[in-house]
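Each remark here refers to the structure printed beneath this line.
Nothing in this text is a laboratory measurement; each read-out follows from the coordinates by a stated rule. Values in this document were obtained by computation on a predicted structure and should not be read as measured data. All Cβ positions, even for glycine, are placed from backbone atoms using ideal geometry, and neighbour counts span all protein chains on display.
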Amino acid sequence: MTKVSPDQLEFSFKEKKRMNDLNSVLLEGELVNDPLFINSKSIFNLDVHRSGKTNIFKVICGGHLAEVCDEYLKTGRRVRAVGRLDTDESGLAYLLAEHVEFRPIRNTNEE
């Protein structure tokens with residue numbers, strides 16, 4: 001086995017290259033409200049249940065995806081949203097969605 005000295009393990013900050021951090025999020029839940037379409041962006045809140053706990057996340061999408069979400073999504077609809085976390089001016093985090101998948105509508109009249 002080759003011995004490595006502490007000097008060989010250290011490197012200066014000048015030599016250090018920053019890696020791209022991974023920022024990928026997948027959320028699945030029910031819409032709390034109908035999407036709000038403002039300035040070519042669709043904004044909605046997603047209710048996510050996990051281990052008996054409920055969390056509500058703000059989701060924002062833009063472009064053609066925003067138009068489709070605004071047209072087809074309604075309160076209570078289950079969706080899966082994939083994207084990255086971002087923050088607004090006040091520091092609150094939200095999901096900037098790059099993909100939104102509409103989940104099947106549950107039949108409440110099942111016998």
Give me, ordered by chain and number, the residues 5 or more places off ASN33 or on other chains with an amide H under 5 Å from its own placed amide H. ASN45, GLY76
Quick one: which residues, 5 or more positions from GLU98 or on another chain, have an amide H under 5 Å from its amide H? H modelled 1.01 Å from N in the peptide plane, none for Pro or chain starts. VAL82, GLY83, ARG84
Using +1 at the Cβ of each Lys and Arg and -1 at the Cβ of each Asp and Glu in the stretch 50-106, identify which of ALA66, THR54, ALA81 lies farthest towards the dipole's positive end. THR54
Between beta-carbons, use under 12 Å as the cut-off and find the net charge around GLU101, counting Lys and Arg +1, Asp and Glu -1. +2
What does the charge count near ASP70 come to, summing +1 for each Lys or Arg and -1 for each Asp or Glu among other residues with Cβ under 10 Å from its Cβ? -2
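Hey, with R₀ at 25 Å, roughly what FRET efficiency would LYS53 and VAL25 work out to, going by the Cβ-Cβ distance, to 0.05?
0.90
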